[in-house]
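To start, the structure itself, in structure tokens.
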Amino acid sequence: MFSKLFSHFSYNLGLDLGTANTQLYEQKKGLVINWPTVIAVNTRNDQILSVGKRAEAMSGKTPPYIQVIKPIDHGVISDFEITEKLIKLSINKIQQKTFNFSPRPVIFASLPLGVTEVEKKSVEDVAIQSGARTVYLIEQPMAAAIGARLSIKEPVGNFIVEMGAGLTQIAVISLEGIVTSKSLPIAGQSFNNNIILHIREKFNLLLGNQVAEEIKIKIGNALLIDQQETQKMKIKGQDLLTGLPKEISIIDKQINEAMQPTLKIITEAIKDSIELVPASLTADIYERGIVLSGGSSLLKNLDKLISQQCGVPVHLIDDPATAVIRGLGYIIEDFDNLKNVIVPSACD
Ligand SMILES: Nc1ncnc2c1ncn2[C@@H]1O[C@H](COP(=O)(O)OP(=O)(O)OP(=O)(O)O)[C@@H](O)[C@H]1O
Ligand SMILES: [Mg+2]
């Protein structure tokens, strides 16, 4: 009774602090903030100039006294103060619309797999410093599995691969717990780095990260299938020999070749993880397959490549880039049913 009354009055938020994107879920409202994890600061007076997309667009184009900062590195907080500012700004933005006063929220924050106790405490501390009354932590692949509506409470093996910008997290979930897992600091950003390196080596052309991102989204393809029509694209960069701007044409085959190092590491890690699944759950994995989530799972034909390399069916969920935050939302809305997935605090 008391817990019902308490939950009625508490103000609950879900927070997914990603390497590339920060998302906030507000109880009974849904996804209310979804912006790049980027802040632009004037270092002369510490003033915040912009956040999210506007800050990202400033990257590489600023005078020396303006810094464009990405405070999350491979899923982990690398700049505590800037992360705190980003969370405060996100919360202020939604509270301005909702309240005349500002209640202190309970924050349900996602936690990357395999972080140290210090990194875990840092997530709790930053949420508290940003105004949270209490913080609950949920591991990202668990949140993604709940977001994907997998039967995490059943005694069956749910194999999920959550691939963001800085991390690929592989987990097998059964009976509300993570049975085996692996986390790699290799994901969407690695594809961009592969593309930048390849174009520099083959064409003596220097690309910015945003151009590499556009290339990946437009003609990136993890598995070229014979009958497919060749995808082409014109790109602009800086000629390393002359220092002048130059335009070249590239095709999907070249980008597929460029991305091979990252594709190999990821498919090998998934294969290894399948081998490590306890025998009692192996049959489930072959029957039910692998579920792919996270923004990088949108890379064209990545599901087909993993399925071909690992010999297991692969399912790409709907709207994979919001799986984690949707999962946090389900936990908030159905707390009594899902509270067992909350991990112990670093202070316990
Ligand atoms: N259509 C697409 N094709 C390929 N990659 C994509 C596509 N759309 C988004 N991405 C990639 O998804 C990544 C962002 O995904 P997401 O928002 O899940 O990451 P994140 O949560 O910020 O990072 P992490 O969980 O690793 O800390 C970026 O690297 C982006 O390039
Ligand atoms: Mg993420």
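The values are calculated or read from the model by the stated rules, or taken from the named source; none is laboratory data. Please read all numbers here as calculations on a predicted model, not as lab measurements. Cβ atoms come from the backbone with ideal geometry, glycine included; neighbour counts cover every protein chain shown.
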Within region 86-139, track down each residue that is more than 19 Å from VAL343 (Cβ to Cβ) and within 16 Å of ligand 2 (Cβ to nearest atom).
LEU86, ILE87, SER90
For region 284-342, what are the residues that are under 18 Å from LEU167 (Cα atoms) and away from ligand 1 (no atom under 13 Å from the Cβ)?
ILE290, VAL291, ILE306
Would you check which residues across region 199-220 are within 16 Å of ligand 1 (Cβ to nearest atom) and either surrounded by fewer than 22 Cβ atoms within 10 Å (Cβ to Cβ) or of a type in the set (A, V, I, L, M, F, W, C) (or both) and list them?
LEU207, GLY208, ASN209, GLN210, VAL211, ALA212, GLU213, GLU214, ILE215, ILE217, LYS218, ILE219
Residue ID - surrounded by the fewest Cβ atoms within 10 Å (Cβ to Cβ), chosen from residues in region 263-301 that are assigned to a loop (DSSP other than H, G, I, E, B) and away from ligand 2 (no atom under 16 Å from the Cβ):
PRO278
Scanning for something in the same structural domain as VAL314 (by TED's automatic domain parsing), at pLDDT 95 or above, crowded, with 16+ Cβ neighbours inside 10 Å and more than 16 Å from ligand 2 (Cβ to nearest atom), does region 159-172 turn up at least one residue?
yes
Can you report the number of residues in region 140-154 which are of a type in the set (Gly, Ala, Ser), outside any helix (DSSP H, G or I) and surrounded by 15 or more Cβ atoms within 10 Å (Cβ to Cβ)?
1
Could you run through region 158-191 and say how many residues are assigned to a strand (DSSP E or B), under 13 Å from ILE265 (Cβ atoms) and within 11 Å of ligand 1 (Cβ to nearest atom)?
4
When only residues in region 64-85 that are touching a Ser or Thr at 6+ places or on another chain (Cβ under 6 Å) and closer than 18 Å to GLN129 by Cβ count, which is farthest from ligand 2 (Cβ to nearest atom)?
GLU84
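Per-residue answers, yes or no, for (1) part of a loop (DSSP other than H, G, I, E, B); (2) assigned by TED's automatic domain parsing to the domain that holds GLY289:
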{"site": "VAL118", "(1), (2)": "no, no"}
{"site": "SER122", "(1), (2)": "no, no"}
{"site": "ALA127", "(1), (2)": "no, no"}
{"site": "ALA132", "(1), (2)": "yes, no"}
{"site": "VAL135", "(1), (2)": "no, no"}
{"site": "ILE138", "(1), (2)": "no, no"}
{"site": "VAL156", "(1), (2)": "yes, yes"}
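So that you can scan it fast, the table gives a plain yes or no per residue for (1) assigned to a loop (DSSP other than H, G, I, E, B); (2) within 16 Å of ligand 2 (Cβ to nearest atom); (3) acidic (Asp, Glu):
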position: ASP303; (1), (2), (3): no, no, yes
position: ILE306; (1), (2), (3): no, no, no
position: GLN309; (1), (2), (3): no, no, no
position: HIS315; (1), (2), (3): no, no, no
position: ASP318; (1), (2), (3): yes, no, yes
position: VAL324; (1), (2), (3): no, yes, no
position: TYR330; (1), (2), (3): no, no, no
position: ASN337; (1), (2), (3): no, no, no
position: SER345; (1), (2), (3): yes, no, no
In region 201-255, what residues are in a helix (DSSP H, G or I) and over 16 Å from GLY60 (Cβ atoms)?
GLU201, LYS202, PHE203, ILE215, LYS216, ILE217, LYS218, ILE219, ASP252, LYS253, GLN254, ILE255
